[in-house]
Amino acid sequence: MEKTDRIVAGMMRLGSLGDQEAFSFLDYLYDSGVRWFDHADIYGGGRCEELFGRWIQSRGHSRGDLVIQSKCGIVPGVCYDNSGEYIEKSVDGILSRLKCEYLDYILIHRPDVLWDPDDMNAAFTRLIKSGKIRAFGLSNCNSVQIDYLLSSMEHKPAINQIQLSLAFAPSISEGLESNTYSDNGISRTMGVIDFCRCHGITLQAWSPLQYGTFAGTFLNNPAYEKLNGRLSELAYKYGVGKSAVAAAWILRIPPHTQVVAGTCNRDHFAEMLKARDITITRQEWYELYRCAGYALP
Ligand SMILES: NC(=O)c1ccc[n+]([C@@H]2O[C@H](COP(=O)([O-])OP(=O)(O)OC[C@H]3O[C@@H](n4cnc5c(N)ncnc54)[C@H](OP(=O)(O)O)[C@@H]3O)[C@@H](O)[C@H]2O)c1
């Protein structure tokens, strides 16, 4: 994986910016070498993709120079719909808003109990044949769900995007504390990180700076005093900000981990990007994990 691809720009908050502000933020990302963008059909009710589409068109950037992924399957009023019919309809809407001819990846936003792998496989075949997508990926799936799709589908997921940060790491603690009486050893993802590794599926970490689901950031949060203390020391050591160290902690997980950064603040994004240039040591990785409140057996 290219170094520039390790920090993906999450576009969930783009719609909160005015048009000019959004264009200028996207210009900044492009000029900083960011080429991989994460969308979803529901972000801003479609406004995030629509803004992005107008930006590409106005700047004339070569489509082949960008990696664009979007997600579908969360349907207001229905909950989840991963039917082939819905996926195809959603891809058409996404492409029209993005003003693009194809998506590099369409991600299934959340698992759906009612999904049918044959139906999904047929939809992916049609989408790939027509040139509308290059490949597909998943999001928020555990290993059993991925295994079910892998064993029933001709097309294989290239990506699984899950929530992962220093202060939100059940997918890591369940492996490190497995077969103990600690609640952190309870398997919530059925070993999804190791499963993705076994199958060459790239792991993407969403909300890399949040401690809960849309609960807020642990950066400068008094509830995470010990973690912030150690982040500050390492930030000083590496000559970067604390968010870069927190992102570097995720990027240190081999072999193909990406951080999906969501800030639309230029200074905050610039700080995150520095994670691409540092590699924290093995000892520092475990220290940070413990400072976040996790124990090791
Ligand atoms: N697959 C899914 O189900 C799913 C779900 C949610 C999100 N996502 C994807 O993940 C992306 C990231 O999600 P996110 O925005 O929740 O996570 P995030 O990148 O962890 O950002 C969380 C918060 O951290 C703050 N922050 C960033 N840098 C900071 C700094 N240097 N100092 C202080 N605060 C800082 C940001 O505030 P400021 O805005 O003020 O900088 C932001 O509100 C989204 O854009 C989306 O693409 C995917």
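Computed values, structure above
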{"item": "Cα centre as origin, Lys/Arg/Asp/Glu Cβ charges: the chain dipole, Debye", "result": "620 debye"}
{"item": "10 Å binning of all Cα-Cα separations within region 65-220, expressed as whole percents from 0 upward", "result": "11, 36, 34, 16, 3, 0"}
{"item": "Sites Asn179 and Val144 - FRET efficiency at Förster radius 22 Å, r taken between beta-carbons, to 0.05", "result": "0.75"}
{"item": "Rounded FRET efficiency, nearest 0.05, which uses the C-beta distance separating Asp194 from Lys89 and R0 of 45 Å", "result": "0.80"}
{"item": "Whole-angstrom Cα spans of region 1-157 along principal axes, big to small", "result": "44, 36, 29"}
{"item": "Under the Debye formula (equal points on every Cα, no solvent term), log10 I(q)/I(0) of region 70-162 at q = 0.10, 0.16, 0.17, 0.24 Å⁻¹", "result": "-0.22, -0.57, -0.65, -1.35"}
{"item": "Dipole magnitude (debye, nearest 20) for region 1-157, charges at Cβ of Lys, Arg, Asp, Glu", "result": "340 debye"}
{"item": "Projected area averaged over orientations for the chain, convex hull of C-alpha atoms, nm²", "result": "15.4 nm²"}
{"item": "Where Rh is the Kirkwood radius over Cα pairs, Rg/Rh for region 179-297", "result": "0.96"}
{"item": "Over the chain, relative contact order from alpha-carbon pairs under 8 Å, at least 6 apart, %", "result": "17 percent"}
{"item": "Two-site label geometry, Lys3 and Ile253: point separation in nm, points 7 Å out along Cα→Cβ", "result": "2.3 nm"}
{"item": "Separation of alpha-carbon centers, region 170-207 and region 124-142, rounded to whole Å", "result": "25 Å"}
{"item": "Estimated vicinal HN-Hα couplings, Hz - region 261-267 in sequence order (Karplus 6.51, -1.76, 1.60; Gly, Pro = x)", "result": "8, x, 5, 10, 9, 4, 5"}
{"item": "Neighbour-count order for Ile186, Ile193, fewest beta carbons within 10 angstrom listed first", "result": "Ile186, Ile193"}
{"item": "The chain: antiparallel DSSP beta bridges as a percent of all, rounded to 5", "result": "10 percent"}
{"item": "Antiparallel bridges, percent of DSSP beta bridges restricted to region 1-157 (to nearest 5)", "result": "10 percent"}
{"item": "Computed label-point distance, nm, for sites Ala122 and Arg266 using a 7 Å Cα→Cβ extension", "result": "5.1 nm"}
{"item": "Computed E for Glu287/Arg13 - FRET, C-beta separation, R0 41 angstrom, nearest 0.05", "result": "0.85"}
{"item": "Distance between modelled label sites at Glu21 and Asn220, nm, 7 Å Cα→Cβ extension", "result": "1.8 nm"}
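Since every read-out is calculated from the coordinates, none of them should be taken as a lab result. Source: prediction; values computed, not measured. Cβ sites come from the backbone with ideal geometry, for glycine too, and all protein chains shown count toward neighbours.
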